[in-house]
Amino acid sequence: MSPVLAGFLGAGVLVLVVVVLVLLWSFCQRRYLRVSGHPPYKFIHMLKGISIYPESLSSSKRIVRGIRRADRSTREGDRGCPATGAGRGLVLVDAENNILDVPGQLQMSHLVPPAGPVERALPVRADYCCLDSSSASSSQTSSKTASPFTPAPSEPEPEPSLGAVSLTVDYNFPKKALVVTVVGARGLPAMDEQAGSSDPYVKMTILPEKKHRVKTRVLRKTLDPLFDETFTFYGVAYSSLPELTLHFLVLSFDRFARDDVIGEAVVPLKGVDPSTGRVHLSQQITKRNMQCESRGELLASLSYQPVSHRLSVVVLKARHLPKMDITGLSANPYVKVNVFYGRKRIAKKKTHVKKCTLNPVFNESFIYDIPPELLPEVSVEFLVVDFDRTTKNEVLGRLLLGLHSPAPSGASHWREVCENPRRQISKWHNLNQY
């Protein structure tokens, strides 16, 4: 036998073995998926040359594959098992863990109470993200239950404890300096639901002038961090201490999104006498107060089309924006529009930059595909940013529209959009400090 013929025969046998192994693996995988249960909803991600798999799991490339089972409910009916509610489901498959099984069912609280804990949707880079509804079965159940466009009435719940921050205050008379030591914090809530922990750090400033801004290092995976970091503020007269207030902002670091705000603590120095030595203080952490000085106003318009499942967001214009340039010139504003599902950002867009104006007119619209049952957990964030070529861009103000908005006007606007589909609803909103 010639060497060439032997080589061809060996290559053919190798190809045949690989094909058989692939078919065997595919058969085993499908059989496993039929046995395991999965929630009756799906996310369809339109891939356009970018990696969109969850960044919080690892930085390696992952793949999301939707596996449809059109006749699953029929088969379960033949076996005498109760149907899960939809004819089609989805399994999230990645390159390392093979299968990500998501427990519970993604339902609105005012439709059918969930049978188990609801897991947050996985974070995706959704410049090209498209969220699809579960199936036609949801439209059948909607005729028997409340409309998905009418959010459930919120019941007052007791605010959970956010912990406490401990510090010491001292004064250096020879150097005329205020010395503040951030000792640590205790009893912080877990901002990372999967790990059950947080990566806390503290930002501190002296009110009312806000001239001094410092922050501690980040401590990984702890709810009782011990920072023990000392900050010295020079040029603070001892006679002015009763007029000053220490403001602590406690945050949890997030590598792939905006850091989560745990809360704030305000410590007035009135009545604190560090002349005799170091004074130890402890202050409870409270929910961040978003009320602040005026940062301008933004006119936004929203509309939801229930048939096409499309949310239309229009950034119309802004007015009375603050001057952030040290030269006193007008700003160069633009607006960043971020869409969040829970705590994870799923889409981001931005308008064009408007040169040298504090009252810009944008008139730019953005379209997002969102199923109606996900609207209660979706929020839209507007960040008005001052563009600067030489230094870092600075955020002029922030607006959040959604049922979980800290501002009553943001929650009422979102509720009105949900209750009045196919109507374009425009409102002015005050911008808050970012």
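Sorting 268-280, 408-420, 332-344, 187-199 by their mean Cβ neighbour count within 10 Å, with the most densely packed peptide first, gives 332-344, 408-420, 187-199, 268-280.
Each Lys or Arg adds one and each Asp or Glu takes one away; over the other residues whose Cβ falls under 11 Å from the Cβ of Leu321, this sums to +3.
Computed across region 330-422, the Kirkwood hydrodynamic radius from all distinct Cα-Cα pairs reaches 14.5 Å. Neighbours of Lys215, meaning other residues whose beta-carbon lies under 11 angstrom from its beta-carbon, give a summed charge of +1 when Lys and Arg score +1 and Asp and Glu score -1.
For Lys175, the lysines whose Cα comes closer than 25 Å to its Cα, not counting residues fewer than 8 places off in the same chain, are Lys203, Lys210, Lys211, Lys215, Lys270. Dividing the mean sequence gap of close Cα pairs (under 8 Å, 6+ apart) by how many residues region 372-423 holds gives a relative contact order of 28 percent. Annotation: per residue accessible area for region 229-271 equals 48 Å², rounded to a whole number [probe 1.4 Å, protein chains only]. Computed extension gain for Asp170 through Arg278, at 0.36 nm per residue and net of the alpha carbon distance, reaches 38.4 nm.
A simple spin-label model places the labels of Arg423 and Val218 4.4 nm from each other, with each point 7 Å out along Cα-to-Cβ. In whole Å, what is the distance between the alpha-carbon centres of region 199-238 and region 259-273? Distance between centres, Cα-based: 10 Å.
Rounded to the nearest 0.05, the FRET efficiency derived from the C-beta distance between Phe231 and Ser365 at R0 = 56 Å is 0.75. Leaving out ligands, DNA and RNA, and with a 1.4 Å probe, what % of the accessible surface on region 175-281 is carbon or sulfur? Carbon and sulfur: 51 percent of the exposed surface of region 175-281. In order along region 331-344, the phi-based Karplus estimate (6.51 cos²θ - 1.76 cosθ + 1.60, θ = phi - 60°) of 3J(HN,Hα) comes to 7, 10, x, 8, 10, 9, 10, 10, 10, 10, 10, x, 9, 9 Hz; Gly and Pro are listed as x. Modelled spin labels at Lys317 and Gln433, positioned 7 Å past Cα toward Cβ, are 2.9 nm from each other.
The values are calculated or read from the model by the stated rules, or taken from the named source; none is laboratory data. It should be emphasised that the depicted structure is a prediction, and the values quoted were computed from it without experimental measurement. As a convention, Cβ positions derive from the backbone with ideal geometry for all residues, glycine included, and neighbour counts pool all protein chains shown. Quick note on the areas: whole protein, heavy atoms, side chains included, nothing else; ligands and nucleic acids left out. Shrake-Rupley method; radii C 1.70, N 1.55, O 1.52, S 1.80 Å.
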